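Encoded as structure tokens, the structure appears first; notes follow it.
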Amino acid sequence: MKSDKKRLNALQIGELIAEKPIIQGGMGVGVSRSSLAGAVAAEGGVGIISTAQIGYDEDGFEHNPAECNRIAIRKHIARAKEIANGNGLVGVNIMVALKHYKEHVQEAVSAGADVIISGAGLPMNLPELIGKSSVKIAPIVSSRRATQLILKMWAHRYGRTADFIVVEGPKAGGHLGFSREQLADMENLDYDAEIKDIISCKKIYEEMFNTKIPVIVAGGIFDRQDIDHVIELGADGVQIASRFVATAECDASDAYKQAYIDAGKEDIQIIQSPVGMPGRALRNDFIKNLEVARKSVKKCYNCLEKCDPRTVPYCITKALIDAVKGDIKNGLIFCGENVDRIRKMTTVHDLMEELC
Ligand SMILES: Cc1cc2nc3c(=O)[nH]c(=O)nc-3n(C[C@H](O)[C@H](O)[C@H](O)COP(=O)(O)O)c2cc1C
């Protein structure tokens, strides 16, 4: 039978081209490293490694996490590129909220990342940190206001603009650029209108710099219908994270992947993160226990720029490492709003085929 689906256009970012306009979203801690990102790139997409505590399983991490993370950034970029074998693109996701943000950017640039995607804060000085490198850079934004702020600042201070923009909506996993009130009333949030507004905002900068700024929409993208919908709105591609967790290649433990497969709608909860933003996660014992008492922090990994171990409800590094290793009761498992629709394990190849 002939498929009536149109082929998706390739994603062009400056001189770089990904045959499939699908970015696999960065997932920390340790959920998207070289195995997943390399497999996505091998399929012609854009594989993204999260640098957040990426070296959690390197020897000596407990004593020197910063150095282990630096080593692991280099190692995983090289390994992902090897797996990709010249296909697709390999990049990193670096959170602005990290204490070692600058070092992660510099390491990713020198290790040869194709792209850097940066959110969980406004990446105001990212152009300065990449220096003269040709790495492609993208802010993650959730509103026209944030888009305007970043693009205006980059134009004014650095005489440049974004190479692409990731627009992350309220259904995404991990940290969210929305208030709890907005998230509690998602039905009344006309996010399609916001996406269109962001697209009209970036057009000003496309004209100013005589360049194209692809817009990538993220958050709750589940199937081809969702992809077609945002492309109709004017997007050039999508960023998908949750769906890539239940794949053979995902870097998380099998227990973590199974937690995704077993999750129902009732298991999804908005939580407060020590990063200072709300986040979406699976409601497990870890979250239930936090409702009764905070989990005192026994050791600080120095991961966030703004975190006071004496007052935060829990240590986010420990909670995310516990989860990725397979302690799904006592760890923090971030997930997207559509996690309940994931019913079985698959492979990156089959998922990319299904989506494209
Ligand atoms: C387990 C998990 C971890 C994530 N970690 C990060 C992260 O470290 N940095 C970041 O910018 N976004 C992070 N995200 C957000 C994703 O990159 C992505 O934009 C979002 O989840 C897309 O929505 P979807 O999961 O519904 O596809 C994470 C998402 C998940 C599910």
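Region 301-356 and region 18-33 have their alpha-carbon centroids 13 Å apart. Karplus-based coupling profile of region 151-157, in residue order and whole Hz: 5, 5, 5, 5, 5, 5, 7, with θ = phi - 60° in 6.51 cos²θ - 1.76 cosθ + 1.60 and x standing for Gly or Pro. Can you tell me how much longer the chain between Lys329 and Ala78 gets when fully stretched, taken as 0.36 nm per residue apart minus their C-alpha distance, in nm with one decimal? Gain on stretching Lys329 to Ala78: 87.0 nm. Considering only Asn64, Met95, Ile54, and ranking their Cα positions along the charge dipole of region 34-110 that arises from unit charges at the beta-carbon of Lys, Arg, Asp and Glu, the one farthest toward the positive end is Met95.
When the square roots of the Cα gyration tensor eigenvalues are ordered a ≥ b ≥ c, the ratio a/c for region 129-192 is 1.5 or more and a/b exceeds b/c, which makes its shape prolate. Near Thr311: Cβ cut-off under 13 Å, other residues only, Lys/Arg at +1 and Asp/Glu at -1. The net charge is +3.
Taking the Kirkwood radius as Rh and the Cα radius of gyration as Rg, region 1-110 has a ratio of Rg/Rh equal to 1.06.
Near Val167, the amide H atoms lying under 5 Å from its own belong to Val141, Ile216, Val217, Ala218; only residues 5 or more places off or on other chains count, and H is placed 1.01 Å from N.
Look at the alpha carbon pairs under 8 Å that are at least 6 residues apart: their mean separation over the length of the chain gives a relative contact order of 18 percent.
The modelled label-to-label distance between Lys288 and Met345, using points 7 Å beyond Cα along the C-beta direction, is 2.7 nm. Normalised per residue, the accessible area of region 19-137 is 33 Å², obtained with a 1.4 Å probe and no contribution from ligands, DNA or RNA.
When +1 charges are put on Lys and Arg Cβ atoms and -1 charges on Asp and Glu Cβ atoms, the dipole computed for region 297-356 relative to its Cα centre reaches about 460 debye.
Decide, for region 181-244, between rounded, prolate and oblate: order the square roots of the alpha carbon gyration tensor eigenvalues as a ≥ b ≥ c, take rounded if a/c falls under 1.5, and otherwise choose prolate if a/b is larger than b/c, else oblate.
The shape class here is oblate.
How large is log10 of I(q)/I(0) for the chain at q = 0.10 Å⁻¹ when the intensity is taken from the Debye formula with one equal scatterer per alpha-carbon? The computed values of log10 I(q)/I(0) come out as -0.55.
Dipole magnitude for the chain: about 680 debye, using +1 per Lys or Arg Cβ and -1 per Asp or Glu Cβ, origin at the Cα centre. Here the 3J(HN,Hα) profile of region 179-194, calculated from phi with Karplus coefficients 6.51, -1.76 and 1.60 at θ = phi - 60°, is 7, 4, 5, 4, 5, 6, 10, 4, 4, 8, 8, 7, 6, 4, 5, 5 Hz, Gly and Pro shown as x. Whole-Hz Karplus values for region 202-208 come out as 5, 4, 4, 7, 5, 5, 4 Hz, taken residue by residue from phi with 6.51 cos²θ - 1.76 cosθ + 1.60 and θ = phi - 60°; glycine and proline positions read x. Here Lys6 is the anchor, and the lysines within straight C-alpha reach of less than 24 Å, apart from those fewer than 8 places off in the same chain, are Lys20, Lys196, Lys212. Using the Cβ-Cβ distance between Glu232 and His63 with R0 = 45 Å, the FRET efficiency computed as 1/(1 + (r/R0)^6) comes to roughly 0.30. Of all lysines in the structure, the ones whose alpha carbon falls short of 18 Å from that of Lys99, not counting any fewer than 8 places away in one chain, are Lys299, Lys306, Lys318. Using a 1.4 angstrom probe on heavy atoms only, work out the carbon and sulfur share of the accessible area of the chain in %. In the chain, the share of accessible area belonging to carbon and sulfur is 47 percent.
The values are calculated or read from the model by the stated rules, or taken from the named source; none is laboratory data. The model shown is predicted, which means the values in this text are computed figures rather than measured ones. In this analysis, Cβ positions are derived from the backbone assuming ideal geometry, glycine residues included, and neighbour counts consider all displayed protein chains. Side chains included, ligands, DNA and RNA excluded: accessible areas come from the protein's heavy atoms. Shrake-Rupley method; radii C 1.70, N 1.55, O 1.52, S 1.80 Å.
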